[in-house]
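S.K.: One structure follows; several queries about it will come next.
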């Protein structure tokens with residue numbers, strides 16, 4: 001399972017007692033297909049939803065992979081390869097035995113959206129991290145090989161489209177109105193008339209975005225509306241706080257666009273924080289701040305405070321301290 005960040009691609013790895021670092025996986029339960037098992041095991045072990053992709057025809061099992069191939073499935077959305085792998089005694093077999101391992105490959109379109117608590121510690125690792133993780137040889141060989149394939153695989157999720165300059169201009173105009181009501185002076189913002197104008201602008205923009213995305217069923221990317229158009233559309237979604245269902249749907253669509261290289265990972269990261277805080281959950285990136293009456297501006301609760309700057313760097317954000325200083329200067 002792979003995910004795209006501003007600093008490159010990362011592979012999802014879990015740490016399991018007695019096994020060290022390895023890729024999410026497990027047994028096929030009775031009545032399941034291998035696809036269903038892969039999706040279930042990915043969710044259980046990583047906490048993330050995985051979007052599986054078919055094997056490209058040109059992809060071949062790496063020559064240095066240590067286990068023999070049993071079969072392959074062509075380019076359908078099934079097993080990339082099936083391998084016969086020696087296994088130690090486990091809960092299902094009390095002696096050494098062979099596993100028939102089915103390899104599936106996919107993307108976490110929303111890598112920081114946890115749909116269920118993971119069974120084991122989970123982390124995203126870069127190619128340079130693989131040698132130092134103590135991974136089994138088969139995992140390291142396969143992970144290194146798949147890193148070379150994922151950029152092309154991801155582009156197929158949402159191919160570049162034709163430019164739409166009129167849509168871009170419409171988005172920029174709506175962003176201008178969005179910002180105008182938010183950057184008015186404090187005395188103006190305090191008036192009932194301005195609060196009503198603010199509400200009307202947000203409701204109109206939200207209704208327009210909802211119609212746009214319902215017609216397209218996709219979040220248009222850089223090739224269609226330009227990076228400034230994507231930023232404008234993201235901002236309208238970010239401020240659609242009265243329609244959380246739309247924001248969550250947009251996060252799903254935006255995740256696909258980001259994974260395909262058609263949008264900035266920052267946009268998805270900030271939307272994830274918005275959704276998490278709205279749901280009363282801790283945020284990953286520290287982008288959402290609050291102020292108690294008479295108190296200082298401070299970030300809403302963080303999911304992993306000791307790693308927040310690392311996560312922010314992955315998506316191209318500055319440090320939390322620098323961001324807090326910027327907000328303090330604006331307030």
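S.K.: All but one of (1) in the same structural domain as residue 175 (by TED's automatic domain parsing); (2) more than 24 Å from residue 158 (Cα to Cα); (3) loosely packed, with under 13 Cβ neighbours inside 10 Å hold for residue 310; which doesn't?
M.R.: Every condition holds for residue 310 apart from (1).
S.K.: Give the residue, chosen from 157, 167, that is surrounded by 16 or more Cβ atoms within 10 Å (Cβ to Cβ), touching a helix residue (DSSP H, G or I) at 6+ places or on another chain (Cβ under 8 Å) and modelled with pLDDT under 95.
M.R.: Unique residue meeting the criteria: 157.
S.K.: For a quick check of your reading: which helices (runs of 4 or more DSSP H) sit entirely within segment 161-246 and have at least 1 residues that are more than 21 Å from the chain's Cα centre (by Cα) and in contact (Cβ under 8 Å) with a residue 60 or more places away in the chain?
M.R.: Of the helices (runs of 4 or more DSSP H) lying wholly inside segment 161-246, those with at least 1 residues that are more than 21 Å from the chain's Cα centre (by Cα) and in contact (Cβ under 8 Å) with a residue 60 or more places away in the chain span 165-182, 222-238.
S.K.: Shifting gears a bit: State all residues of segment 26-55 that are surrounded by 14 or more Cβ atoms within 10 Å (Cβ to Cβ), in contact (Cβ under 8 Å) with a residue 40 or more places away in the chain and assigned to a loop (DSSP other than H, G, I, E, B); if no residue qualifies, say none.
M.R.: 28, 47, 48, 49, 50, 55 - these are the residues of segment 26-55 that are surrounded by 14 or more Cβ atoms within 10 Å (Cβ to Cβ), in contact (Cβ under 8 Å) with a residue 40 or more places away in the chain and assigned to a loop (DSSP other than H, G, I, E, B).
S.K.: The conditions are (1) on the phi < 0 side of the Ramachandran plot; (2) touching a helix residue (DSSP H, G or I) at 6+ places or on another chain (Cβ under 8 Å), and residue 8 fails exactly one of them. Which is it?
M.R.: (1)
S.K.: For segment 93-137, please list each of the strands (runs of 3 or more DSSP E) lying entirely inside it that holds at least 1 residues being modelled with pLDDT of 95 or more.
M.R.: Because the criterion is at least 1 residues that are modelled with pLDDT of 95 or more, the strands (runs of 3 or more DSSP E) in segment 93-137 that meet it are 105-107, 122-125.
S.K.: From (1) more than 25 Å from residue 258 (Cα to Cα); (2) surrounded by 13 or more Cβ atoms within 10 Å (Cβ to Cβ); (3) modelled with pLDDT under 90, pick out the condition that doesn't hold for residue 23.
M.R.: Residue 23 satisfies every listed condition except (1).
S.K.: Looking only at segment 242-255, decide whether some residue is under 26 Å from residue 106 (Cα atoms), modelled with pLDDT of 95 or more, surrounded by 13 or more Cβ atoms within 10 Å (Cβ to Cβ) and not assigned by TED's automatic domain parsing to the domain that holds residue 215.
M.R.: The answer is no, given that none of the residues of segment 242-255 is under 26 Å from residue 106 (Cα atoms), modelled with pLDDT of 95 or more, surrounded by 13 or more Cβ atoms within 10 Å (Cβ to Cβ) and not assigned by TED's automatic domain parsing to the domain that holds residue 215.
S.K.: Right, here's the next one. From the set of residues in segment 313-331 that are within 16 Å of the chain's Cα centre (by Cα) and assigned to a loop (DSSP other than H, G, I, E, B), which is surrounded by the most Cβ atoms within 10 Å (Cβ to Cβ)?
M.R.: The extreme case among them is 315.
S.K.: With the requirement that a residue be part of a helix (DSSP H, G or I) and more than 19 Å from residue 241 (Cβ to Cβ), what does segment 267-311 give you?
M.R.: Answer for segment 267-311, where residues must be part of a helix (DSSP H, G or I) and more than 19 Å from residue 241 (Cβ to Cβ): 305, 306, 307, 308, 309, 310, 311.
The values are calculated or read from the model by the stated rules, or taken from the named source; none is laboratory data. Predicted model, so just to flag it, every value in this text is computed and none were measured. Because the Cβ atoms are built from the backbone with ideal geometry, glycine has one as well, and the counts that use them run over all protein chains shown.
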